[in-house]
There are 2 protein chains.
Amino acid sequence: MPRPRAFDERQVLERAREQFWATGYAGTRMDDIAQATGLGKGSLYGAFGDKGKLFHRVFGDWCTAVVEVAEERLAGGPDAEALARLSGYVHLMAENTASDTERRGCLLAKGAAELAQHDPTVAGRSAETMTALLTLLRTEISAAQRHGDIDSAADPERLAALLLTVVRGIEAVGKAGLDPETLRNIADTALAVLPMPEGQKHLATVRPARTDLVPSRPHDPPDSAS
Amino acid sequence: MPRPRAFDERQVLERAREQFWATGYAGTRMDDIAQATGLGKGSLYGAFGDKGKLFHRVFGDWCTAVVEVAEERLAGGPDAEALARLSGYVHLMAENTASDTERRGCLLAKGAAELAQHDPTVAGRSAETMTALLTLLRTEISAAQRHGDIDSAADPERLAALLLTVVRGIEAVGKAGLDPETLRNIADTALAVLPMPEGQKHLATVRPARTDLVPSRPHDPPDSAS
DNA sequence: TACCTTATGGACGATCCATTCCACAACTGA
DNA sequence: TCAGTTGTGGAATGGATCGTCCATAAGGTA
């Protein structure tokens, strides 16, 4: 019975994300978003509440996407390919940052840096996201250990935390200005130093020349949430 | 012949840093800084130009301090203690983040996240800082290799980049909400996976129980620039 | 078709903020 | 002591920004 909305909510959120991503929370004006989406202020406020609520919505969606990308890459599959999945994921994240020529970084990092200290919602959501990623990584490391690709004496929890740190760290040093080639090397190196089972040499890939440990490395994921 | 300044420039910069650190660039008002320093707007603008210039000054000083802390910890000393120096540095950085209960994070990361994309000065300064840290780490890794504490077949450049990424990554995941204990473990793990020379086992420290690889770990550095 | 409900979007109000301005203070050198 | 010069701090300015309001449009329903 009421008049239906003339806009696609998802599309509006996408445009809003683009704005927040480009200029941060404080740096984005509601007028910008109105302009970018073609919506009037009335519709915008009517549909999403206020600037804060709109950002929370965008930020939450982003976090969901980040975890989904990890799930696509990591969850499921035979133990025999667990190490390859881990490698693919880490390299994907490195590639995302490396190809981010505009240096927009990741909205998760950007939002957390700007707001986590004062906004419990953002703080909570980013923390959830970290633990979700940690769980995915730990599971995969355990799988690789079962298959004998990673030393089973190592603590999967710790290795997962290390890999997560490397992934998030690549984003950080990328935004800080390290060049793409270095970023890709970091991903290689991180995977190369993972402890191999006793008896196997694992050092080779840390040597200067080797960069071929890793299987094919996909570009431009559908939702390239870096 | 002119009237001398009644304020201490260093002290004013310190207070300004505190503000920018706490609330970011856009989130900090010049009135806040005036209030915090006790200066009037006229003095503030007369002495530092405008908000942007003031931030650049603060940001630059911070970057200098970050490198200085690394130099104090890393540069100089016998090769025999190079690995210990590396370990001390990485743990110090982890401790800084772990003890940052207010979750302010690091101004370098915060500033870069907020401004690097649009402000070439910030982008350039943060990039310089990264390469300076990289150089310090590489030098120290080479020293440890000479002494036989790290496999000399490994590329010091790559290991340095990995360690830098871990250090910056710890800051990032810390701000994102991982608990202090996990952060400390990450530092342990990163050091434990460094490739040992052939013949030596290096895996032990990745095992759950071990956390004692590292020498004493200082708290509260003079200029605790995390 | 007439009516009711919701959407729309631009104008508006109130607030906030960076920057400038200015009257006055403080110090130096003659 | 007396200019002359620079520092000081708060009031004023001008522009920007968030959120509200309201007259109107557009579906649905009877």
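Looking only at segment B:194-223, residues that are touching a helix residue (DSSP H, G or I) at 6+ places or on another chain (Cβ under 6 Å), within 7 Å of chain A (Cβ to nearest Cβ) and either surrounded by fewer than 15 Cβ atoms within 10 Å (Cβ to Cβ) or modelled with pLDDT of 50 or more (or both) come to 1 in all. The lone criterion from (1) touching a Ser or Thr at 6+ places or on another chain (Cβ under 8 Å); (2) facing chain A (nearest Cβ under 7 Å); (3) closer than 22 Å to B:W21 by Cβ left unmet by B:P180 is number (2).
List the helices (runs of 4 or more DSSP H) inside segment A:1-48, counting only whole elements, that have at least 2 residues being on the phi < 0 side of the Ramachandran plot and over 26 Å from the mean Cα position of the chain (by Cα). By residue number, A:30-37, A:41-48.
Residues in segment A:8-33 that are within 14 Å of DNA strand C (Cβ to nearest atom) and either free of Cβ contacts under 8 Å to residues at least 40 places away in the same chain or in the same structural domain as A:T101 (by TED's automatic domain parsing) (or both): A:D8, A:E9, A:R10, A:Q11, A:V12, A:R15, A:G27, A:R29, A:M30, A:D31, A:D32, A:I33. Residues in segment B:15-48 that are hydroxyl-bearing (S, T, Y) and within 11 Å of DNA strand D (Cβ to nearest atom): B:T37, B:S43, B:Y45. Candidates are the residues of segment B:34-48 that are surrounded by 12 or more Cβ atoms within 10 Å (Cβ to Cβ) and within 8 Å of DNA strand C (Cβ to nearest atom); the one that is nearest to B:F7 (Cα to Cα) is B:L44.
Among the candidates A:L74, A:L44, the residue that is in contact (Cβ under 8 Å) with a residue 60 or more places away in the chain and not β-branched (V, I, T) is uniquely A:L74.
Here B:P4 passes the criteria (1) modelled with pLDDT of 95 or more; (2) near DNA strand C (Cβ under 9 Å from one of its atoms); (3) not charged (D, E, K, R) except the one numbered (1).
So, A:A154, is that one assigned to a loop (DSSP other than H, G, I, E, B) and modelled with pLDDT of 95 or more or not?
In short, yes.
Just one of the listed residues (B:K110, B:K53) is modelled with pLDDT of 95 or more, away from DNA strand D (no atom under 14 Å from the Cβ), in a helix (DSSP H, G or I) and surrounded by 16 or more Cβ atoms within 10 Å (Cβ to Cβ), and it is B:K110.
Applying the criterion of being in contact with a Lys or Arg (Cβ under 8 Å, 6 or more places away or on another chain) and among the aliphatic types (A, V, I, L, M) to the residues of segment B:83-98, the residue that is nearest to B:D188 (Cα to Cα) is B:A94.
Taking the options B:G124, B:G148, name whichever one is out of contact with any Phe, Trp or Tyr (no Cβ under 7 Å at 6 or more places or on another chain) and not in a helix (DSSP H, G or I). Let's see the steps before the verdict.
On the way: B:G124 fails: not in a helix (DSSP H, G or I).
Answer to the selection: B:G148.
Within segment B:131-157, the set of residues being at the interface with another protein chain (Cβ under 7 Å from one of its Cβ atoms) and buried (at least 24 other Cβ atoms within 10 Å of the Cβ) comprises B:A154 only.
Against the criterion of being farther than 27 Å from A:P156 by Cα, at the interface with chain A (Cβ under 8 Å from one of its Cβ atoms) and at pLDDT 95 or above, B:G124 qualifies.
With respect to A:L92, is the statement that it is within 12 Å of DNA strand D (Cβ to nearest atom), buried (at least 18 other Cβ atoms within 10 Å of the Cβ) and away from every other protein chain (no Cβ under 14 Å) true?
Details: within 12 Å of DNA strand D (Cβ to nearest atom): no; buried (at least 18 other Cβ atoms within 10 Å of the Cβ): yes; away from every other protein chain (no Cβ under 14 Å): yes.
So A:L92 fails the test.
Taking first residues from segment A:79-91 that are in the same structural domain as A:V167 (by TED's automatic domain parsing) and basic (K, R) and partners that are surrounded by fewer than 18 Cβ atoms within 10 Å (Cβ to Cβ) and outside any helix (DSSP H, G or I), the Cβ contacts under 9 Å between residues at least 6 apart in sequence or on separate chains come to A:R85/A:A75; A:R85/A:G76; A:R85/A:G77.
The values are calculated or read from the model by the stated rules, or taken from the named source; none is laboratory data. If you're wondering where the values come from, they're calculated on a predicted model, not measured in any experiment. All Cβ positions, even for glycine, are placed from backbone atoms using ideal geometry, and neighbour counts span all protein chains on display.
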